[in-house]
Structure formats: structure tokens, C-alpha cells
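Novice: This is the structure I have questions about; it appears just below.
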Amino acid sequence: MLIGVVGKPSCGKSTFFKAATLADVEIANYPFTTIKPNHAVGFVKIKDPAIDFNKHSNPRMGYVQKDFRFVPIDLIDVAGLVPGAHEGAGMGSQFLNDLNQADALIHVIDISGSTNEKGESVQALSYNPSNDIKFLELELNMWYLEILKKGWEKFARGVHQEHKDISKALAKQLSGLKVTEEIVKPLIANLSKDPTSWSEKNLLGLASELRKQTKPMIIAANKIDVPGAEENFKRLKKEFPNLIIIPCSSESELALKEAHVHELIEYLPGENNFKIKKEISEKQKAGLEFIQENVLKKFESTGVQTILNKIVFEILDQICLFPGGVKKLEDSKGNVIPDCFLMPNGTTALGFAFRLHTDFGNKFAKAINVRTKLAIGKEYKLKNMDIIEIMTS
């Protein structure tokens, strides 16, 4: 699973990325700080499944903090996008192509309105952040349209003359964008069977719907701690009722995580408080008090962890599944429930077996729900946080 972090320059995109991953990326208040895409690992937060067995798990990947387990996900931070990106403005075509394999996008906007459309600093609240939502959706739609139209006449003529299945042909043509036949079929149901007759409007509408389904998006309303930004956030929620917009302060999350790493405070990502562990300077104390009063107290968290969890578990509809044994939760090295797999909601016991190993799938006899100790068949749909033992023949 790959999540893309996108937005215009200087909106706090790289700060969000660093706050989510603690990766060593350059952060600066000028356009195009990021040129090459940055890859790093972020984490979704779940309850530690071993707690139900009076234990703590020992993840092979990720980590456990208190009663929570942090499961790794891949993030990519691409360079800032500007109006005209699909036409190459600001190297936009290259940056858009970096997003080909992304399963979903986090669009970071400056909700305080302190950066204009080019990413240049302006007076806070002087720029309307709703422009950024509109511009990015347009750029992404036009990017998909450009890809769709590349060689379109030849493609459409071939499909029509050879009587090919349009859904299959389109899915194959756009497979690089994770387009499937199942996605395409309902979108073209009301269009002519002859793709050579499809208008520019038809193609743009198709491109837009394909983009929404293959690159679902969440809006990170960053810099929510700036005075007046909350009013902008409320206004955008009304203006875009169909979008998921989450208030966040990437700088606050980054400050808290770095203070935790340096053992100045105890902080659990996604929580609304922290505990000071060591004597700190007056400046550090003032900074932490600001975060507590203006971010954590007002919005219940910095928003960064909320966004990561929401995009994985709600927008992408993933569930957490764990291999384990009824009689023994440990692996050969004594690690408790070491592995966690993020899989689509609706995954069957057989599907999970194949994910673990081809032999488990081919030799599947039955599965056992470790919590209930009940046997389940291959078509049984697993539930979030299930711990499953696979029995082979």
C-alpha cells in the first residue's frame, strides 16, 4: 500500500510527511524544496491484539507503545504542484507521474491562507484555501485525461473495429493507474458502445471518475493553530460537504514526536495530551503549552495520526489480520503475534492463507479463529483484528 502526500509548495506538505514518518527530509519556506520524491514509512495506530491475552506483541515490523500497535504503511512525498502542473508547469508532469502507483492521496492545504497559489508567503488569511482544493482536483483530473487521450483515436478505432470489450481494453490501457475492469464497467454503462463517438466532455467525466476511484483523497487542513484558521476550516467544511477534511498541525506533531524521541516528554501519537519527563527550558515549555492549549485541547489531537488511520481504514477500507496459533501466539523466536497484514475488507480465510504463503492457500483445509477457537471455512469473511491459524492438508 502506498499513500501519496500532495499539495502546493510551502503548504506544510513535507512537514506533514516528516511528522508522519520522522524521515530526514528538507523543510523550508520556499517553493520546490522537494524535487525528487521522498519515500518513508508512516504508521497506522491500532489496539495491540496481544492485550486481550494479557501480553504485549513483538512486531517484526512497526512497534508497540503502551497498549497500542503501530503498523507500517508506505508514504511518498512528491514536489509541490502548481496550477498548470498537468501541462508541465513547475515540472508538474514529472511529479504527477511519481503518483502513478499511489493507492490514495493526502492533500495538504494551508488552511491559514498564508501561502498563495504559487506557494509564496502572504499575510495570514489573505488567500482563500478553497482555491487549492479546486486547483488540485482539476490538475489530477486533467492528468488522467491526458493519459486517457494519449493515442485515443487509434485505441478507440481498434476497439470498435475489432469488437473488443471496452471495459477490458480500457482497464488494460490504464492498468498503470490501478484501473480495473470492475471500476470501468459501471462508469461507461451509459456511454455509446462506439468509443470513437465519445466527446471531450465524456472523456473528461470518465477521467474524473477514474481518478476519484483509483486515487481517493483526504484533505489535511494544515496550520490549524494559526489564529483565524479555524474559521477557514469551518467554511471549507460547508463548501465541500462531500470531502473529508481533517484539521491538523504538522508542526505540532513533529515537535511532540521529536521531544518524545529525545525523552523530554512522553507522547503517544493521536492522543490529546503528553507528559513532561525532564526539566526543560522556558522556551520549550512555552512551545509545549501553546500546542496543548491551541491544538490538543481544541481539536483533541494534532490530526496527523487521525488522517493516516482514516485514509487506511475508512477510505481504503483495510482491515488488520494476524497469523497466530490457538495453543501458541509466539513464533519460533518467542515473538508474540509478530506479523500484521493490512488487507481489504471482505478478505476470506482462503485469501488470507494465500497472502501468507502460496502453499497455505493450495493446501488449505480450514482456519481457526484464535479468539473464539472456532473452525471457519475458506469462504468465511474475516473481520478486523482477527487472529487466524491456517490448517493445511
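Novice: Rounded, prolate or oblate: which fits the range 115-268 when a ≥ b ≥ c are the square roots of the eigenvalues of the alpha-carbon gyration tensor, with rounded for a/c under 1.5 and prolate only if a/b beats b/c?
Specialist: Prolate, since a/c reaches 1.5 and a/b exceeds b/c.
Novice: Oh, and also: Could you pull out the GluC sites (Glu not before Pro) across the range 317-393 that fall in loop regions by DSSP (anything but H, G, I, E, B) with no more than 13 other Cβ atoms inside 10 Å?
Specialist: Passing both the DSSP loop test and the Cβ count: Glu379.
Novice: Separate question: Return a whole-number percent for the relative contact order of the chain, with Cα pairs under 8 Å and 6 or more residues apart as the contact set.
Specialist: Reported relative contact order: 15 percent.
Novice: Each residue of the range 338-345 in turn: what ³J(HN,Hα) in whole Hz from Karplus with 6.51, -1.76, 1.60 and θ = phi - 60°, glycine and Pro shown as x?
Specialist: Result, ordered by residue: x, 10, 9, 10, 8, 9, x, 4 Hz.
Novice: If neighbour count is taken as other Cβ atoms inside 10 Å, put Asp386, Asp331, Asp103, Asp317 in order from fewest to most.
Specialist: Asp317, Asp331, Asp103, Asp386
Novice: What is the pair-distance distribution P(r) of the range 319-392, computed from all Cα-Cα distances in 10 Å bins starting at 0, with each bin given as a whole percent?
Specialist: With a bin width of 10 Å, the distribution comes to 22, 58, 20, 0.
Novice: While we're looking at this one, here's another question. Pull up all non-local amide H partners of Ala367: gap of 5 or more, or a different chain, and H-to-H distance under 5 Å with H placed in the peptide plane.
Specialist: Placed amide hydrogens put Ile376, Met391 under 5 Å from Ala367.
Novice: Separate question: Only counting other Cβ atoms within 10 Å, I'd like Val122, Val370 sorted with the fewest neighbours first.
Specialist: Placing the least packed residue first, the sequence is Val122, Val370.
Novice: Further question: Whose amide H sits under 5 Å from the amide H of Gly113, counting only residues 5 or more places off or on another chain, with H placed in the peptide plane?
Specialist: Amide H neighbours of Gly113: Leu125.
Novice: Could you run the Karplus curve 6.51 cos²θ - 1.76 cosθ + 1.60 with θ = phi - 60° over the range 221-232 and give me ³J(HN,Hα) per residue in whole Hz, x for Gly and Pro?
Specialist: Calculated HN-Hα couplings, in order: 7, 7, 6, 5, 7, 6, x, x, 5, 5, 5, 4 Hz.
Novice: Taking a ≥ b ≥ c as the square roots of the Cα gyration tensor eigenvalues, with a/c under 1.5 meaning rounded and otherwise prolate when a/b beats b/c, else oblate, which class fits the range 151-210?
Specialist: Rounded, since a/c falls under 1.5.
Novice: Classify the range 255-393 as rounded, prolate or oblate, taking a ≥ b ≥ c as the square roots of the eigenvalues of its Cα gyration tensor: rounded when a/c is under 1.5, otherwise prolate if a/b is larger than b/c and oblate if not.
Specialist: prolate
Novice: With each label point set 7 Å from Cα along the Cα-Cβ vector, what nm distance links Lys278 and Ala375?
Specialist: Placing both labels 7 Å along Cα→Cβ, they lie 5.7 nm apart.
Novice: Hey, what did the range 151-210 get for relative contact order, percent, Cα under 8 Å, at least 6 apart?
Specialist: 34 percent
Novice: Kindly write out, for the range 364-379 in residue order, the coupling ³J(HN,Hα) from the Karplus curve 6.51 cos²θ - 1.76 cosθ + 1.60 (θ = phi - 60°), rounded to whole Hz, with x marking Gly and Pro.
Specialist: Result, ordered by residue: 4, 10, 6, 10, 10, 6, 4, 5, 9, 6, 9, 6, 10, x, 5, 8 Hz.
Novice: Something else: Give me the distance between the Cα centres of the range 246-318 and the range 119-195, rounded to whole Å.
Specialist: Here the two parts' Cα centres lie 37 Å apart.
Read the figures in this text as sums done on the coordinates, not as results from a lab. The structure displayed is predicted, hence computed values, not measured ones. Because the Cβ atoms are built from the backbone with ideal geometry, glycine has one as well, and the counts that use them run over all protein chains shown.
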